[in-house]
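K.L.:
First the structure, then my questions, so here it is.
Coordinate-derived values only; no laboratory data. What you are looking at is a predicted structure, and each value in this text was computed from that prediction instead of being measured. Virtual Cβ from ideal backbone geometry, glycine too; neighbours counted across all protein chains shown.
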Amino acid sequence: MTSLVDSLTAAGEYRSPGFSIVSRLVEARPDSSILDLGPASGSNVGYFSELGCRLHVADLYRSLNQENGRPAGETLGFARACREMLPDPEGGAFDFILAWDLLNYLTEDEIRVLARHLTALCRPGSELFALISIRHRIPSQPLRYQILEGGRLSYSEPSPHQRTSPEYKEPLLKRLLPGFAVERCFLLRHGFQEYLFRYQPESVASGSP
Amino acid sequence: MWKKTENEARPAASHSPASAPAAPPSKPPRSMGGAAVIGPSIRIKGDVSGQEDLVVEGQVEGEISLEKHDVTIGPSGKARADVRGKNIRVEGEVHGDLFGMETVVLTSSGKVTGNITAPTVSLENGATFKGSIDMGAKGGGAKGNSEGSQGKGQDQDQDQDRGQQSAIRSR
């Protein structure tokens with residue numbers, strides 16, 4: 001189910017309908033475990049700190065080549081980065097995973113690699129939040145998002161350079177992320193779709209889309 | 001004619017040619033605002049513990065345990081160690097876990113790879129961090145946590161209804 005939302009109010013900051021849902025779910029479960037695939041941010045740490053959550057920062061952005069947003073060493077390098085930078089599954093599953101716009105900078109194979117690691121870190125019902133670009137061109141580096149009050153997010157572009165966007169569509173994302181069902185999807189005016197995926201491993205076993 | 005003053009009557013030891021110059025007083029240990037300092041040229045391999053605040057500007061490999069005192073890893077400090085302190089401030093580099101009894105602060109120059117456990121954790125813009133942050137159940141920095149979450153849980157149902165009403169299929 002996709003919602004068209006006119007929520008952009010200022011450059012670099014907007015009211016995020018997808019993250020608003022995430023924040024409500026997190027606030028309802030103060031002992032949640034959060035896996036942040038983006039870089040550590042003071043405001044994000046402060047936000048989850050007030051909720052008493054357990055936050056793990058994996059910062060897979062660092063696995064991307066600084067010059068052009070590509071993982072150093074292509075897929076093999078990214079697989080190694082996932083092994084080294086993602087937490088050990090023995091440490092427990094996560095309730096929420098924040099992928100921000102990382103997926104826009106991965107190839108299809110790399111998303112499959114990431115999905116395999118993430119499924120080991122999820123439990124049934126875990127939520128994955130991701131922003132997918134629908135623009136032809138995107139910044140050469142992933143945007144950095146900071147959580148503001150009231151379900152608002154601010155974003156900054158670390159690089160003025162641009163690159164081609166993969167423009168992943170929902171049917172392809174479902175194939176690349178087996179076990180993750182689209183729970184909500186919001187189309188935003190600043191060129192992104194916000195996805196909220198829910199991990200439902202039985203959907204893989206039953207073969208349902 | 002000239003009356004000797006009491007000061008002149010008493011010979012000053014410093015003016016006596018027979019006495020050796022007084023030894024300069026021994027310098028107290030180097031400290032920074034009352035804290036002990038591990039200087040930038042010092043490298044310690046082992047466990048560091050004590051009963052005072054500590055500033056690390058050198059390298060420590062092992063464990064730093066000062067639960068009742070403040071620990072600062074200075075800009076040139078590097079620690080391959082678990083660090084325990086009352087308030088921990090990282091301006092340099094740490095590979096290890098941080099256990100703050102009160103706060104853990106990563107400044108803009110701080111780099112931490114490891115897990116942080118503290119009631120309050122703060123990251124300044126520019127800080128580099130990879131690992132888990134556990135605010136724990138003790139204080140957790142939460143303000144009115146349980147009441148706020150219950151209230152917001154009620155709003156959640158209403159917003160979802162509004163979302164469904166305004167939903168547009170775009171397949």
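K.L.:
Report the Stokes-Einstein translational diffusion coefficient (µm² s⁻¹, integer) for chain A, Rh taken as the Kirkwood radius over Cα pairs, at 4 °C with viscosity 1.567 mPa s.
P.N.:
76
K.L.:
Taking H placed 1.01 Å from N in the peptide plane, check which residues at least 5 places from B:VAL55 or on another chain put their amide H under 5 Å from its amide H.
P.N.:
B:ALA36, B:VAL37, B:ILE38, B:THR72
K.L.:
Same structure again: Which of A:GLY91, A:GLY12, A:GLY179 ends up with the largest GNM mean-square fluctuation for chain A, with Cα atoms connected below 10 Å?
P.N.:
A:GLY91
K.L.:
Measure off 7 Å from each Cα along the Cα-to-Cβ vector at A:GLU90 and A:LYS174, then give the distance between these two points in nanometres to one decimal.
P.N.:
Taking the two extended label points, one gets 3.7 nm.
K.L.:
Let me ask something additional. Tell me the label-point distance for the pair A:ASP31, A:GLU13, using the 7 Å Cα-to-Cβ offset, in nm and rounded to one decimal.
P.N.:
3.6
K.L.:
Rounded to whole Hz and in sequence order, give me ³J(HN,Hα) for the stretch B:82-95 from the Karplus expression 6.51 cos²θ - 1.76 cosθ + 1.60, θ = phi - 60°, writing x for Gly and Pro.
P.N.:
Those phi angles translate into 7, 10, 10, x, 6, 10, 10, 10, 10, 10, x, 10, 9, 10 Hz.
K.L.:
Right, next: What average number of partner chain Cβ atoms lie no more than 10 Å from the Cβ of the residues making up A:148-159?
P.N.:
Per residue, the number of nearby Cβ atoms from other chains is 0 on average.
K.L.:
Filter the trypsin sites (Lys or Arg not before Pro) in the stretch B:53-129 down to the DSSP loop ones having no more than 16 other Cβ atoms within 10 Å, then list what survives.
P.N.:
B:LYS68
K.L.:
Magnitude of the Cβ-charge dipole of chain A, K/R +1 and D/E -1, about the Cα centre, nearest 20 debye?
P.N.:
Dipole of chain A, to the nearest 20 debye: 360 debye.
K.L.:
Now for a separate question. For the stretch A:126-134, take each phi angle, set θ = phi - 60°, evaluate the Karplus expression 6.51 cos²θ - 1.76 cosθ + 1.60, and give the result in whole Hz per residue in order, putting x for glycine and proline.
P.N.:
Values, residue by residue: 4, 10, 10, 10, 9, 10, 10, 6, 10 Hz.
K.L.:
Quick one: if the Förster radius is 41 Å, what FRET efficiency do B:ILE42 and A:GLU167 give, using the C-beta to C-beta distance and rounding to 0.05?
P.N.:
According to the calculation, E is roughly 0.15.
K.L.:
While we're here: Among A:51-57, A:160-166, how do they line up from the highest to the lowest mean number of other beta-carbon atoms within 10 Å?
P.N.:
Per-residue mean Cβ counts within 10 Å order the peptides as A:51-57, A:160-166.
K.L.:
Only sites in a loop by DSSP and with at most 15 other Cβ atoms within 10 Å count here; which trypsin sites (Lys or Arg not before Pro) in the stretch A:81-140 make the cut?
P.N.:
Qualifying residues, ordered by number: A:ARG135.
K.L.:
Which FRET efficiency, nearest 0.05, do B:SER108 and A:GLU202 yield, Cβ-Cβ r, R0 51 Å?
P.N.:
With R0 = 51 Å, the Cβ-Cβ based efficiency is 0.65.
K.L.:
Separate question: Which ³J(HN,Hα) values in Hz, rounded to whole numbers, follow from the phi angles of the stretch A:16-30 under the Karplus curve 6.51 cos²θ - 1.76 cosθ + 1.60, where θ = phi - 60° and Gly and Pro get x?
P.N.:
The phi angles translate into 9, x, x, 6, 4, 5, 4, 5, 5, 5, 5, 5, 6, 10, x Hz.
K.L.:
How well do other chains shield peptide A:189-195, expressed as the mean number of their Cβ atoms within 10 Å of each residue Cβ?
P.N.:
For this peptide, the per-residue mean of nearby foreign Cβ atoms is 0.
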